[in-house]
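Each reported figure results from applying straightforward, stated rules to the coordinates on display, with no laboratory input. Quantities reported herein were computed from a predicted structural model and do not represent experimental measurements. Because the Cβ atoms are built from the backbone with ideal geometry, glycine has one as well, and the counts that use them run over all protein chains shown.
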């Protein structure tokens, strides 16, 4: 069960992509779709948020866009399929998934190296 408000918020944001609201299924599906659990997703969000604010993109960049980037990294499917799953257009999916992946990559010395230890 999601124990924190942050985890519950990430599950709520992921619900339209995953397509279920049943909590035990939702937790398993979150990891299946995005490759990480909601608490790690929140950690990544808090680490990239200062960059988002400094780029003056905080009004446009939403939590769902980070999920799109994680989904892209996890599935690496066709753009049209991933956009359909995320309920957006391929152009919009491409824009935000690429941006998210770039932001995640910028954390490589803080996150990726830590996760591999």
> Label residue 109 and residue 22 with points 7 Å out from Cα along Cα→Cβ: what is the distance between them in nm?
Replying inline: 4.6 nm
> Contour minus end-to-end for residue 54 and residue 89, with contour as 0.36 nm per residue of separation and end-to-end as the Cα-Cα distance?
Replying inline: 9.9 nm
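Using helices alone, I'd like the mean residue ellipticity at 222 nm for the chain: each DSSP H run of four-plus residues gives -39500 (n - 2.57), total over residue count, nearest 500. Could the numbers behind the result be given before it?
Working: 7 runs with 84 residues, N = 117.
Counting only the DSSP helices, I get -22500 deg cm²/dmol.
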>> Please list, in order, the residues from the range 18-52 whose amide nitrogen is less than 12 Å from a point placed 7 Å along the Cα→Cβ vector of residue 6.
In response: 38-49
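Counting alpha carbon pairs within less than 8 Å and at least 6 residues apart, what relative contact order, in whole percent, applies to the chain?
Details: 102 pairs, mean separation 28.3, N = 117.
About 24 percent, as a whole number.
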>> Students often get this wrong, so try it: which of (i) 13, 47, 35, 5; (ii) 12, 36, 27, 16, 8, 1; (iii) 15, 38, 31, 14, 2 is P(r) over Cα pairs in 10 Å bins from 0, in percent as calculated from the structure shown?
In response: (i)
